[in-house]
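The values are calculated or read from the model by the stated rules, or taken from the named source; none is laboratory data. Bear in mind the structure is a predicted one, so any value in this text is a computation, not a measurement. Backbone-built Cβ (ideal geometry, glycine too); neighbour counts: all protein chains shown. What goes into the accessible areas is simple: the full protein's heavy atoms, side chains included, and nothing from ligands, DNA or RNA. Shrake-Rupley method; radii C 1.70, N 1.55, O 1.52, S 1.80 Å.
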Amino acid sequence: MSPDATPRVDLVWFNAGGGHRAAALALEQVMRDQGRPWTVRRVNLTEVLDPTALFRRTLGFEPEDLYNKRLASGFTLGLAQELKLLQAGIRLAHNTLAQRLAAHWQRTAPDLVVSLVPNFNRALHDSLAQARPGVPFVTVMTDMADHPPAFWMEPTVAQHLVCGTAHATQQALAAGIPPWRVHRASGMVLRPEFHAAASTDPGADRSADRTAERAMVGLDAHTPTGLVLFGGTGSRVMTRIARALPDTPLVLMCGRNEALAAALRAQPARAPRVVVGFTAEVARWMRRCDFFIGKPGPGSLSEAVSQGLPVITTRNAWTMPQERWNTEWVQQHGLGLVLRRFAEVNEAAPRLLAELPAYRQRVQAQRNQAVFEVPQILERILREATAAPKPVAESSA
């Protein structure tokens, strides 16, 4: 890249789970809002690896759909074993994947590649080193912890790694990644709207705003209200949670799952209920509530905490392996309650509400600014790569 050229920054994502795409969109927006002199491009990894959509044409669905349907059904038992099979398949197909990606990099000529996906980082790195020697490769973790081996971290390649927790940073250093390639952010990358309404004063009282917002949707200002959220497609477990809390006001967010929304609207309850379909205003709905109930996903937990909500979540055999450490994060910082199963929520909710002020204080002490920090980290990496003599490409063993 010549010194006066506009750097081309590629953000690699796919649709498994939704958090990878959300992080790419968030970073793209912040980079644009900050006026960074970059050409930012989102790269859908699935489209690059399967440009003719052979998988969809053959089987009638995208590869990510299998994973996403498992999330919607709640049937996540056995994902740890399936992950090992997936990783083995990726390793076997490494040369083919790297060749396909190298052709893409040769054609599009990026100056910085940022991966927001797990499992494929060795192929992404090796293909870039082959096609564009000297171009830096960065992985921004959208999980709070790695699930080794070869999930997010690839110690044998020249991978810069952005970690959103102290635990992930320790994992990276212990795995042998050089300290100068390990970069610490203050949390998970969240969309800017989860920061826009946050007060600069961690102890600020936002009760007046919450009162007005609740009145708009028919919720009582003085009765603690829970928000139930299980990703963009909801989960059938939400009906069991709603049934267990008939006297607790709830906002139930179902995403695109219209059947679930209809079932929840038909379910009797003594307390007010608001059932919400797909919406782009998740942050606003969170600000209307007092606490969060949902699975321990890194995005949903971080979003809830950013809006001041203590959390109730679970950890058991059904918890996805890459999300199990998230419950330790909740417990270490005193941000809520971790249950064995949501059947215990009828006892857990009153217990949390009895100590709500203390939980709120600890939640508000979490100051996640990662979406603004990551572009600064990328700028530094890009500047150093541009200034340094072109290095000899590092390849994996």
Quiz item: Which members of the stretch 230-261 meet the condition of being among the aliphatic types (A, V, I, L, M) and in contact with a Cys (Cβ under 9 Å, 6 or more places away or on another chain)?
Solution: Met238, Leu250, Val251, Leu260, Ala261
Quiz prompt | Spans of helices (runs of 4 or more DSSP H) in the stretch 165-271 with at least 2 residues open to solvent by less than 50 Å² (accessible area, probe 1.4 Å), modelled with pLDDT of 95 or more and not basic (Lys, Arg) | solution = 166-174, 237-244, 258-266
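Residue-by-condition table, conditions (1) closer than 20 Å to Pro375 by Cα; (2) hydroxyl-bearing (Ser, Thr, Tyr); (3) open to solvent by 30 Å² or more (accessible area, probe 1.4 Å); (4) without any contact (Cβ under 8 Å) to a residue 24 or more places away in the chain:
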residue: Leu85; (1), (2), (3), (4): no, no, yes, yes
residue: Ala88; (1), (2), (3), (4): no, no, yes, yes
residue: Arg100; (1), (2), (3), (4): no, no, yes, no
residue: Val117; (1), (2), (3), (4): yes, no, no, no
residue: Asn121; (1), (2), (3), (4): yes, no, no, no
residue: Phe137; (1), (2), (3), (4): yes, no, no, no
residue: Glu154; (1), (2), (3), (4): no, no, no, no
residue: Leu161; (1), (2), (3), (4): yes, no, no, yes
